[in-house]
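Shown next, in structure tokens, is the structure this report addresses.
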Amino acid sequence: MKALVATGPNEFSVQEVTEPEPGYREVLARVRAVTICGTDAHLLRGDYPGFWPPGYPFIPGHEWAGEIVALGPGAEDLGWSEGDRIAGTSHDACGVCQKCVEGRYNLCENYGKEGLHRQYGHNYQGAFAEYVVHGVKAIFHLPEEIDFPTGATLDPASIGLHTANRGGVRPGDNVVVFGPGPVGLLAADAALTRGAARVIVIGKPSIDCDRLELARSMGFEAIDYEGIDPVEAVRESTGGLGADVILDCAGVPETFQWSIAALRKGGRCAAVGIPVEGVALDLQELVLYEKELVGVRATAGEMRHVIPLVANGRIRVKKLISHRFPLEEFGEALDTFNERRGCAMKVIIEP
């Protein structure tokens with residue numbers, strides 16, 4: 001089969017490789033669509049040496065949809081059949097550690113241990129290929145009303161929902177989202193599904209101008225913070241009180257600081273953006289005003305819940321699909337994603 005193979009930092013090409021075979025409780029699927037995620041771009045640059053990927057050669061890719069073409073032993077007993085349309089997610093956790101038993105498999109205590117845990121496209125071969133093998137814990141039935149490109153965006157949509165869930169959004173809340181990228185706008189939609197009264201999306205015009213316009217076209221309030229104090233802008237728009245919930249989908253030091261400062265007393269910030277440098281926080285404000293800062297890692301069971309929300313249009317992933325490329329043009333697709341050509345959001349690869 002053809003697959004995108006990384007052989008080192010910033011070294012990758014489409015190659016002929018051996019088609020994988022499904023093992024116990026695994027399926028072999030034909031990949032119909034797979035999206036480029038920000039993590040993929042970092043991984044291909046070599047930003048996580050020795051961790052993602054653990055070694056080379058390596059096939060990345062983890063947001064995908066396709067159809068089952070072969071079943072491994074035991075998969076049929078669990079309700080899977082050849083021809084089933086499916087969407088994949090990355091975490092295939094052990095299922096037996098305390099975190100998995102509690103439903104927080106994204107925090108599996110056996111992460112990365114051979115035979116116990118896989119994170120496809122991160123520490124195990126992924127889906128930028130014509131075919132992929134996944135364990136049955138990491139696949140979901142794709143309803144007929146969701147096409148394959150849309151199905152490939154279900155994983156980031158579930159991350160958006162997990163972000164809103166971790167934020168504890170309640171009916172009537174004022175919610176602020178820092179970062180109008182794909183996860184930010186999906187988290188904004190997820191906040192609405194949880195009952196938010198208002199969602200304000202904040203970005204920087206020089207890098208997010210088109211994305212802020214997309215946010216406005218989706219009905220969100222949008223604030224550009226260039227030349228203004230975003231904390232004061234949030235307080236002004238909330239009657240001086242601050243936001244009930246902030247979803248930090250940017251992950252840069254300034255947005256962490258702004259998020260804590262812009263929260264209402266007793267408010268909560270859920271951070272899904274991963275900072276790559278140290279962040280200085282005002283812990284006095286965190287303590288004295290009982291503000292909360294919680295982390296968000298991937299998704300913990302939201303995939304099943306997000307599928308009907310995408311199917312009925314309440315989480316609007318189709319608004320974010322901006323480009324489509326064949327696998328052979330992956331280099332052009334990655335440049336389009338990294339350089340945000342044509343307001344690139346979700347860039348789809350169709351092997």
| field | Where a residue in the range 144-170 is on the phi > 0 side of the Ramachandran plot and surrounded by fewer than 24 Cβ atoms within 10 Å (Cβ to Cβ) and its partner, wherever it lies, is among the basic types (Lys, Arg) and at pLDDT 95 or above, with Cβ under 8 Å and at least six apart | value | Gly168/Arg268
| query | Is it fair to say Arg32 is within 27 Å of Gly160 (Cβ to Cβ), surrounded by fewer than 16 Cβ atoms within 10 Å (Cβ to Cβ) and at pLDDT 95 or above? | reply | no
| task | Kindly check whether there is at least one residue in the range 259-276 that is closer than 23 Å to Phe148 by Cβ and surrounded by 15 or more Cβ atoms within 10 Å (Cβ to Cβ). | result | no
| remark: Residue hits (the range 224-265; without any contact (Cβ under 8 Å) to a residue 12 or more places away in the chain, farther than 24 Å from Leu192 by Cβ and part of a helix (DSSP H, G or I)) are Glu232, Glu254
| task | Go through the range 104-129 and give me each residue that's small (Gly, Ala, Ser) and at pLDDT 95 or above. | result | Gly121, Gly126, Ala127, Ala129
| field | Test result for Asp208, buried (at least 23 other Cβ atoms within 10 Å of the Cβ) and touching a residue at least 40 places away in the same chain (Cβ under 8 Å) | value | no
| query | When the residues of the range 292-345 are filtered to those that are among the basic types (Lys, Arg) and in a helix (DSSP H, G or I), which remaining residue is nearest to Tyr120 (Cα to Cα)? | reply | Arg304
| said: Could you go through the range 116-137 and let me know if any residue there is touching a residue at least 24 places away in the same chain (Cβ under 8 Å), more than 21 Å from Val17 (Cβ to Cβ) and not in a loop (DSSP other than H, G, I, E, B). | reply: yes
| note | By residue number, the members of the range 17-33 that are charged (D, E, K, R) and closer than 24 Å to Pro149 by Cα are Glu19, Glu26, Arg30, Arg32
| message | Condition first: without any contact (Cβ under 8 Å) to a residue 40 or more places away in the chain and more than 30 Å from Lys2 (Cα to Cα). Can you find one or more residues in the range 314-334 that meet it? | response | no
| Do we find a residue being in a loop (DSSP other than H, G, I, E, B) and in contact with a strand residue (DSSP E or B) (Cβ under 8 Å, 6 or more places away or on another chain) anywhere in the range 278-289? | yes
| field | Verdict on Val287 being in the same structural domain as Val169 (by TED's automatic domain parsing), surrounded by 15 or more Cβ atoms within 10 Å (Cβ to Cβ) and of a type in the set (Val, Ile, Thr) | value | no
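Of everything in the range 66-114 that's aliphatic (A, V, I, L, M) and in a loop (DSSP other than H, G, I, E, B), which residue is surrounded by the fewest Cβ atoms within 10 Å (Cβ to Cβ)? Step through it out loud before you land on a result.
First, the residues of the range 66-114 that are aliphatic (A, V, I, L, M): 68-71, 75, 78, 86-87, 93, 96, 101, 107.
Within this subset, residues satisfying the condition of being in a loop (DSSP other than H, G, I, E, B) are 75, 93, 96.
Values: Ala75: 24, Ala93: 24, Val96: 11.
The selected residue is Val96.
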| query | Going through the range 224-243 one residue at a time, which ones are within 12 Å of Arg264 (Cα to Cα) and in contact with a Phe, Trp or Tyr (Cβ under 6 Å, 6 or more places away or on another chain)? | reply | Val231
| field | Extreme residue, nearest to Gln257 (Cα to Cα), among residues of the range 191-223 that are assigned to a helix (DSSP H, G or I) and among the basic types (Lys, Arg) | value | Arg211
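The values are calculated or read from the model by the stated rules, or taken from the named source; none is laboratory data. Everything numeric in this text was worked out from a predicted model, so none of it was measured. Please note: Cβ atoms are built from the backbone with ideal geometry, for glycine as well, and neighbour counts cover all protein chains shown.
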